[in-house]
Amino acid sequence: MKASIWLGGDKFEIRDIPIPEIKEDEVLVKVQRVGLCGTDVHITQGLFPSIPPKILGHEFSGDIVDVGKNVDKSNLGKRVTCNTTSSCGNCYNCKNWTISRCSNEVKSTGAFAEFSVMPISSAIEIPKGMSYEVAAMTEPASCCVSGTEMIDYKSDSKIFIIGSGIMGILCLKFVKEKSIDYIVVSEPNPIRRKMALEMGADFVVDPSSKSYEKDIKRLKGEHGFDIFIEAVGNPNLLSEGISYLRPRGQALMIGVHPEMSNLDYDLYDLHYREIKLFGAFGRGNYFSSVPERIENLGLEKLVTKTFNLEEINKAINLTAEGHGMKYMISP
Ligand SMILES: [Zn+2]
Ligand SMILES: [Zn+2]
């Protein structure tokens, strides 16, 4: 099969490699769509730990084309979205943390390839009318469901989101479902600000505009925002957002911060104003329930362009530069 092998840095090479063998509880999936993710970009920039050579790609959908001998043949032909890890349900992490951090996990093979192999439990059938593109967004959407479910909401909560990339938009969508009508999104890219408005933001602000400080002051009101979601992964933006919170405000870290980065913030203020800070990494226990939740959210419009496997560098560069919204690969 054709696969794009990551060789370190921004080097990828298309190679013809054998189709991975399936074990008795596994399935072979013909990959239809893979989303490019900020994490893929961070890996190529050395900001997220990963060791080459490797097939990357972890947000994907496809069709089951072969099954192991313990897997029912009726699964053949199913359209699925693919979880990147399986779970045992019995280990400490499964019981006390989340099933997406299972210590006995079996990983799905990388998706920047024609085929991927995974345990049958990781291949989740998608609703009939759902496109492969939207199905491939199950992974980032699960991360955003898992994160936004950590927060306590009130119907009159004032929410501030920094970043209107895919994670910011997905968080916006899930928070909006809590019947909240005061969501402010900060984003310098005008295309993404427009998308935030289309997807339900009540206000958008441009951090590069002269009126930004005034806009924030007006929108956070006398006491500050109740909830802040950082959806970029930039420590300075995390500090900034925390400073706009009201006492006992809640801050959610959805963006993936670079390894070894530090929070430059007055800890006395954090302590004195009783700020709650939530780390949020990963899909929690939500992956298999997310396809139904995202079916009718209008996520199709988030897909900016689909590339073939050979064009992976183009897609990575566009993702890194923050142009458009979501780029996909069709291997
Ligand atoms: Zn991702
Ligand atoms: Zn486990």
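The figures follow:
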item: In nm, spacing of pseudo-spin labels at S211 and L267 (7 Å Cα→C-beta vector); result: 4.0
item: Rotationally averaged projected area of segment 185-240 (alpha carbon convex hull; nm²); result: 4.2
item: Amide H partners (placed H, <5 Å) of V205, local residues excluded; result: V185, S186, E187
item: Radius 12 Å from Cβ of L252, net charge of other residues (Lys, Arg +1; Asp, Glu -1); result: -3
item: Principal axis dimensions, the chain - Cα atoms, whole angstrom, descending; result: 63, 41, 39
item: The chain: most fluctuating residue of K210, K220, K178 per GNM, C-alpha cutoff 10 Å; result: K210
item: Highest-fluctuation residue, G35, G57, G46 considered, GNM on the chain with Cα pairs under 10 Å; result: G46
item: 27 Å Cα-Cα threshold exceeded, pairs from K178/K314; K176/K276; K23/K305; result: K178/K314; K23/K305
item: Trypsin sites (Lys or Arg not before Pro) restricted to segment 1-62 and DSSP loop, no more than 15 other C-beta within 10 Å; result: K11, K23
item: Residue-normalised accessible area of the chain, expressed per residue, 1.4 Å probe, Å²; result: 46
item: Stretchable slack from S239 to D181, in nm (0.36 nm times residue separation minus alpha-carbon distance); result: 18.4 nm
item: Segment 258-331-segment 171-193 distance, computed between alpha-carbon centres (Å); result: 14
item: Additional length obtainable on full extension of the chain from E222 to I19, 0.36 nm per residue less Cα span; result: 67.0 nm
item: Amide H contacts of F115 (H built 1.01 Å from N, under 5 Å, at least 5 apart or other chain); result: V31
item: Label-zone membership for segment 30-50, site L7, 7 angstrom Cα→C-beta point, backbone N under 17 Å; result: 44-45
item: Whole-angstrom gap from segment 91-150 to segment 1-67, using each part's C-alpha centre; result: 14
item: Helix-only CD estimate at 222 nm, as mean residue ellipticity for the chain, using -39500 (n - 2.57) per DSSP H run (n ≥ 4); result: -7000 deg cm²/dmol
item: D25 accessible area, assembled protein chains, probe 1.4 Å, Å²; result: 80
item: Mean Cα-pair separation over length for the chain, i.e. relative contact order, pairs under 8 Å, 6 or more apart, %; result: 19
item: Cα gyration tensor shape for segment 151-279, rounded if a/c is under 1.5, else prolate or oblate; result: rounded
item: K276-S330 pseudo-label distance in nm [points 7 Å out on the Cα-to-Cβ vector]; result: 4.5
item: Residue of L263, L302, L28 that the Gaussian network model of the chain assigns the largest fluctuation, springs spanning Cα pairs under 10 Å; result: L263
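The values are calculated or read from the model by the stated rules, or taken from the named source; none is laboratory data. Everything quoted here is computed from the prediction, not taken from an experiment. Here Cβ is always computed from backbone atoms with ideal geometry, including for glycine, and neighbour counts include all displayed protein chains. Only protein heavy atoms, including side chains, enter the accessible area calculation; ligands, DNA and RNA are left aside. Shrake-Rupley method; radii C 1.70, N 1.55, O 1.52, S 1.80 Å.
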